[in-house]
Amino acid sequence: MTDTNNKKIGQNSIVQPLLTDLYQITMAYAYWKTGKINDQAVFDLYFRKNPFQGEFTIFAGLEECLKFLEKFRYSDSDIEYIKQVLPSSVEDEFYDYLRTITADEIQFYSVKEGTVVFPRVPLIRIEGPLVIAQLLETTLLNLVNYASLMATNAARYRLAAGKLQLYEFGLRRAQGPDGGLSASKYAYIGGFDGTSNVLAGKLFNIPVKGTHAHSYITSFNCLDNLNTTLLVPKNGGSAKNFLESVLTWRTSVAKIFHVLLSEVNDGELAAFVSFALAMPNGFMALVDTYDVKRSGLINFCAVALALHDFGYEAIGVRLDSGDLAYLSGVAREYFKKISSEYNLPYFSKLNILASNDINEETIISLNEQGHCIDSLGIGTHLVTCQKQPALGCVYKLVELNGEPRIKLSHDVAKVTIPGKKNVYRLYGNTFSLIDLLQTAEESPPTMEQKVLCRHPFEESKRAYVIPSKVETLLVLQWVNGKILRPLPTLQEIKENVNRSLKILRPDIKRSLNPTPYKVSVSDSLYHFLHKLWLDNAPIGELS
């Protein structure tokens with residue numbers, strides 16, 4: 001594995017040609033048997049509906065797709081296994097053919113990773129031999145679906161949280177180890193500031209954060225559990241009795257809290273002292289094991305003030321239960337009192353991190369209530385995307401041997417837009433106005449030139465647009481067996497997400513009743529689509 005600032009991270013070993021559905025291989029045999037191995041196909045990968053009741057999606061997973069193409073080939077053991085699962089009637093020559101397959105003849109176009117995207121817009125366009133393009137389907141969908149869903153979920157949390165620090169704490173609740181790593185990676189892309197996942201930190205160069213668990217607190221029940229109380233001051237010198245300083249400060253602090261010392265839990269204090277002795281430069285305490293106001297905050301402040309005597313500064317506290325808005329206000333109030341009482345300006349700004357099953361709605365509610373939280377640790381709802389567990393990308397054949405292909409359905413949302421297409425984003429003076437799909441033969445729209453944009457299925461919905469800027473969305477990424485340009489780092493993709501979201505009007509990004517973003521087709525593509533639709537739709541007969 002290598003630093004993401006310099007090279008690509010190695011491909012996940014699970015991502016290989018056999019990470020597919022069996023029907024892809026049976027179709028490949030049927031294509032081969034029918035003599036279609038030289039047919040040239042065009043497939044579009046896209047989704048039909050934005051997730052989370054929102055009106056935008058973040059495209060992610062591109063790097064993994066390109067690395068999959070680099071290593072797409074069947075090993076001898078793969079072939080032997082395929083022989084076991086396919087019927088014995090399958091001819092040996094087919095397996096010889098599978099041994100020759102690579103992705104070298106594929107042309108792979110995609111939107112830039114980290115770009116905001118919308119329904120019906122092709123995120124990826126695959127061109128090449130029909131059999132090979134078909135065999136890529138399931139794996140590409142697997143690599144894009146969760147990555148884009150996760151990045152979108154994280155981006156929504158970021159929009160709701162504003163300037164709050166966001167940390168992904170979801171490994172223990174993620175969908176298996178690979179799901180946990182993917183969640184950490186794409187949460188970071190979507191706007192999170194760090195993760196608790198140490199392996200993700202190593203592999204993807206993501207900042208790693210963490211405190212301690214309630215079990216650490218409850219493992220102590222009295223001050224006698226401490227086997228050492230000595231701490232070396234930060235500026236050097238001989239070790240001194242840290243516990244004595246803590247107890248002196250606790251007596252003083254308890255008066256500010258108007259709490260009797262007999263009410264404060266000594267086991268909790270022992271745990272805080274022990275943790276501070278182990279991590280004097282990184283002391284952040286979980287203060288809700290017993291009682292936040294009558295024990296946790298008092299013990300934390302006593303230890304933090306003692307650390308100050310030794311030349312260290314505590315980081316802050318974590319709240320993991322209860323009324324987070326209220327308790328954060330209590331913590332901030334007492335931090336300010338102690339800051340004023342003892343002339344310690346930094347103390348009023350100690351970090352308050354909140355966790356406890358937080359979701360997007362929780363953040364919005366906290367904002368409405370008013371709170372004093374600086375950071376949020378978010379786990380289950382983020383990494384499992386509980387609000388919507390799947391994005392639903394699809395992979396559809398739109399052209400074969402230069403002839404358009406269309407899939408019809410009684411559900412108009414499932415009708416495909418046929419043919420090889422290019423996609424352009426048309427801008428106004430400040431924001432993006434519309435995404436426009438055109439046939440590959442059409443000339444691109446140009447700045448300051450009027451273009452007719454039509455709803456693909458509703459005849460009356462149309463508008464002229466005079467763009468101040470035109471952006472080509474689909475870019476060639478892979479051809480002749482090679483990635484064409486250096487892949488961006490996670491930090492660069494993260495910055496692209498931030499830039500891309502800024503092109504959307506606020507009403508499109510809002511959580512409640514967002515305005516749909518318009519995706520249109522050119523006048524030429526509109527007429528082409530509807531002619532092909534009529535040509536392929538059966539004509540019923542009344543009797």
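Taking the range 261-292 on its own, how many of its residues are part of a loop (DSSP other than H, G, I, E, B), of a type in the set (Gly, Ala, Ser) and buried (at least 23 other Cβ atoms within 10 Å of the Cβ)? Quick ask: steps written out before the conclusion?
We begin by selecting, within the range 261-292, every residue part of a loop (DSSP other than H, G, I, E, B); these are 264-265, 279-283, 287-291.
Then keep just the ones that are of a type in the set (Gly, Ala, Ser); that gives 282.
Keeping just the survivors that are buried (at least 23 other Cβ atoms within 10 Å of the Cβ) gives none.
Final tally of qualifying residues: 0.
Looking at the range 13-21, can you tell me whether even one residue there is without any contact (Cβ under 8 Å) to a residue 24 or more places away in the chain, under 25 Å from the mean Cα position of the chain (by Cα) and within 24 Å of Asp78 (Cβ to Cβ)?
Yes, there is a match, as at least one residue in the range 13-21 is without any contact (Cβ under 8 Å) to a residue 24 or more places away in the chain, under 25 Å from the mean Cα position of the chain (by Cα) and within 24 Å of Asp78 (Cβ to Cβ).
I'd like the residue in the range 14-29 that is open to solvent by 50 Å² or more (accessible area, probe 1.4 Å) and of a type in the set (A, V, I, L, M, F, W, C) and, out of all such residues, is nearest to Leu123 (Cα to Cα).
Per the criteria, the residue is Leu19.
Among (1) touching a helix residue (DSSP H, G or I) at 6+ places or on another chain (Cβ under 7 Å); (2) buried (at least 22 other Cβ atoms within 10 Å of the Cβ), there is one condition Phe47 misses while meeting the rest; what is its number?
Every condition holds for Phe47 apart from (1).
For the range 330-384, name all the residues that are in contact with a Gly (Cβ under 8 Å, 6 or more places away or on another chain) and in a helix (DSSP H, G or I).
Asn367, Thr380, Leu382, Val383
Filter the range 130-169 down to residues that are touching a strand residue (DSSP E or B) at 6+ places or on another chain (Cβ under 8 Å) and not in a helix (DSSP H, G or I) and give me whichever is most open to solvent (accessible area, probe 1.4 Å).
Gln165
Show the residue pairs meeting these rules: Cβ distance below 6 Å; 6+ apart or different chains; first residue within the range 132-148 and in contact (Cβ under 8 Å) with a residue 60 or more places away in the chain; second residue among the aliphatic types (A, V, I, L, M) and part of a helix (DSSP H, G or I).
Partner pairs satisfying both residue conditions: Gln134/Met27; Leu135/Ala28.
Look through Leu324, Leu382 and report the one residue that is open to solvent by less than 10 Å² (accessible area, probe 1.4 Å), modelled with pLDDT of 95 or more and not acidic (Asp, Glu).
Checking each option against the conditions leaves just Leu382.
When both residues are 6+ apart or on different chains and their Cβ atoms are under 8 Å apart, which pairs have a first residue that lies in the range 294-317 and is over 13 Å from Thr251 (Cβ atoms), and a second that is basic (Lys, Arg)?
Phe310/Lys234; Phe310/Lys240; Gly311/Lys234; Tyr312/Lys234
Tell me whether the range 517-529 contains one or more residues that are modelled with pLDDT of 95 or more, surrounded by 12 or more Cβ atoms within 10 Å (Cβ to Cβ) and in a loop (DSSP other than H, G, I, E, B).
Scanning the range 517-529 turns up at least one residue that is modelled with pLDDT of 95 or more, surrounded by 12 or more Cβ atoms within 10 Å (Cβ to Cβ) and in a loop (DSSP other than H, G, I, E, B).
I'd like to verify a number: residues in the range 293-321 that are more than 22 Å from Lys240 (Cβ to Cβ), open to solvent by less than 10 Å² (accessible area, probe 1.4 Å) and assigned to a helix (DSSP H, G or I), how many?
Here the count works out to 4.
For the range 318-344: of the residues being free of Cβ contacts under 8 Å to residues at least 40 places away in the same chain and among the acidic types (Asp, Glu), which is nearest to Leu366 (Cα to Cα)?
Asp323
The values are calculated or read from the model by the stated rules, or taken from the named source; none is laboratory data. All values reported here derive from a predicted model rather than from experimental measurement. All Cβ positions, glycine included, derive from the backbone under ideal geometry; neighbour counts span all protein chains shown. Just the protein is used for accessible areas: all its heavy atoms, side chains included, with ligands, DNA and RNA removed. Shrake-Rupley method; radii C 1.70, N 1.55, O 1.52, S 1.80 Å.
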